[in-house]
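Working notes, beginning with the structure itself.
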Amino acid sequence: MVGPPIEDIHFDDAPHVGEFPGPKGRDLLERQEAIDSNAVAYPDHIPLVPDAAKGATIKDVDGNVFLDMFAGIGVLNVGHANPYVMEAVHEQADKLVHTVDFPSEPRLDLIEKLEARAPGDLAGNSKVVFGGPTGSDAIEAAIKLAKYNTGGHGLIAFRGSYHGATSGAMSITGKKDFKEPYAPLLGDVEFAPYPHPYAQDRPPEEAVARSLEEVRAIVEDPYSGLTNPAGIFVEPIQGEGGVVTPPEGFLAGLREIADDNDLPLVVDEIQAGLGRTGQWWASDHYDVTPDIVTTAKALGGVGFPLSATIYHEDLDTWGPGDHAGTYRGHVVAMRAGSRAIEYIEAHDLLAHARDLGAHVRERLRDVNAPLVGDVRGKGLFVGAEFTNPDGTPAADAVKAVQRYCYERGVLVWKAGPHGNVLRLLPPLVLTEAQADTALDVICEAIDHVTAERGATA
Ligand SMILES: Cc1ncc(COP(=O)(O)O)c(C=O)c1O
């Protein structure tokens, strides 16, 4: 057996909350506020002070135990401190940690595993480059690779996108206030509309057609304004943008435009990939083979920083050192990544994510609260969009739901340009019983917030 079954890898009394943040938690929060950067953001949303974590559960410094329905924002796909992964981590950490890009068994094993599981025709025909450890680094590598191979510089991206916090990644990110202080970033980036499945004024096919028409015009219209395009950059499901799950035909349409114009299609699987959606890659749901795939987050197994850019071998035109980075050889992270892949397969977690995700969405739809305008996602990548009766985004309701859940020991997160999407991305090792316990609280929270709003209307 590859590690213990998913039922056995959690603290068994979650959720279990008393006073929180308790005295130790308050002390650390105060210390953090005094000395840490103003850029710290997560504790502003929920004052969680983690001390230990197992599977889909987190214990805080005062002994409260939470059910984790966001997994470090999609990092801990096989759960916190998964024992099968940790066994290899301990062994490897005592032996060899850093190798730049000298060969090591863990490095080559992971490359082989990624190559074998790469989406569509990339499987068996791909190369993997490790640069820096973050998702943003993988995006930078993808931008460089696209430019290097095409000789172009224009980048096509999408409204609502999030690709990271470095300059290149911010350039193709939609969020204006996030990047505005640093403008100008990369020149020549054009943003097309991302087709939203929840567009009340038009059917989904129309949203797809409109988006594809825009992309084709940006690339092909002689008066589009974008010279010399280098590639199309897209999230197969927009994560930060609000778990926006595009209708059928969108990715396939982008593939066609990219092929017609000899452009690489770059699919950013940093949040959606590595089993999150119930397939190895979200693009697998749409039967589309990208030219370049970026991955990070869950790649380091149990939270080690590791990213990679997987690309068709025909694009492997770089010479030695043409893409570099000191941390391109974190052997412990690579070993952890391989073990996580093995654990996912041995425990059939792709099917589990598909089944449990469908169950989670069904329960959210059953709440039958007018506030919840749309429930969407694939596998255990779940979004519920909250809207007011007049159609405006109900961000305050999502905030209230998050707080209500936190106070009852269930951790949920938010997304969307207006913060009005409740985002669930639990570890794939979440059991059905845990999911139901969490959903009892989440559904109760939605009912509670709905009733409160009714009372003040
Ligand atoms: C789709 C996507 N791309 C890129 C990134 C950037 O990754 P990182 O924060 O590791 O730089 C993120 C982070 O949330 C992401 O969701």
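The values are calculated or read from the model by the stated rules, or taken from the named source; none is laboratory data. What you are looking at is a predicted structure, and each value in this text was computed from that prediction instead of being measured. Glycine gets a Cβ as well: all are built from the backbone with ideal geometry, and neighbour counts include every protein chain shown. Quick note on the areas: whole protein, heavy atoms, side chains included, nothing else; ligands and nucleic acids left out. Shrake-Rupley method; radii C 1.70, N 1.55, O 1.52, S 1.80 Å.
Quick notes on this structure:
- Per residue, the accessible area of the chain comes to 41 Å² when a 1.4 Å probe rolls over the protein heavy atoms.
- Spatially, segment 298-360 and segment 415-457 are offset by 29 Å when compared through their Cα centroids.
- Under 16 Å from Lys399, Cα to Cα: aspartates and glutamates that are on another chain or at least 8 residues apart: Asp44, Glu240, Glu385, Glu407, Glu444, Asp447, Glu452
- Near Ala52, the amide H atoms lying under 5 Å from its own belong to Lys59; only residues 5 or more places off or on other chains count, and H is placed 1.01 Å from N.
- Remark: relative contact order (the chain) = 22 percent; criterion is Cα-Cα distance under 8 angstrom and separation of 6 or more residues.
- Reachable lysines from Lys59, criterion Cα separation under 17 angstrom, eight or more residues apart if same chain: Lys24
- Derived scalar couplings between HN and Hα for segment 276-287 equal 3, 8, x, 10, 4, 10, 4, 5, 4, 5, 9, 6 Hz in order, rounded to whole Hz, by the Karplus curve 6.51 cos²θ - 1.76 cosθ + 1.60 (θ = phi - 60°), x for Gly and Pro.
- Dividing the mean sequence gap of close Cα pairs (under 8 Å, 6+ apart) by how many residues segment 22-113 holds gives a relative contact order of 19 percent.
- Lysine pair count for segment 85-346 [Cα-Cα under 30 Å; pairs on different chains or 8 or more apart]: 21
- Whichever aspartates and glutamates have a C-alpha closer than 12 Å to that of Lys54, once near sequence neighbours (fewer than 8 apart) are set aside: Glu7, Asp8, Asp12, Asp13, Asp68
- Note that segment 112-127 has calculated 3J(HN,Hα) couplings of 4, 5, 5, 4, 5, 9, 4, x, x, 6, 5, 4, x, 10, 10, 10 Hz, one per residue in order, obtained from phi through the Karplus relation 6.51 cos²θ - 1.76 cosθ + 1.60 (θ = phi - 60°); glycine and proline are x.
- Karplus (6.51, -1.76, 1.60) ³J(HN,Hα), θ = phi - 60°, over segment 62-74, in Hz, Gly and Pro reported as x: 9, x, 6, 10, 10, 8, 9, 9, 9, 6, x, 6, x
- Pairwise centroid distance, computed over Cα atoms, of segment 56-88 with segment 123-167, Å: 29
- Built amide H within the under 5 Å cut-off of Gly231, gap 5+: Ile156
- Here's the picture: charge each Lys and Arg Cβ at +1 and each Asp and Glu Cβ at -1 in the chain, and of Ile232, Val332, Val65 the one pushed furthest to the positive end of that dipole is Val65.
- Taking the convex hull of the alpha carbon positions in the chain and averaging its projected area over all directions gives 22.0 nm².
- Carbon plus sulfur fraction of accessible area for the chain, probe 1.4 Å, in percent: 49
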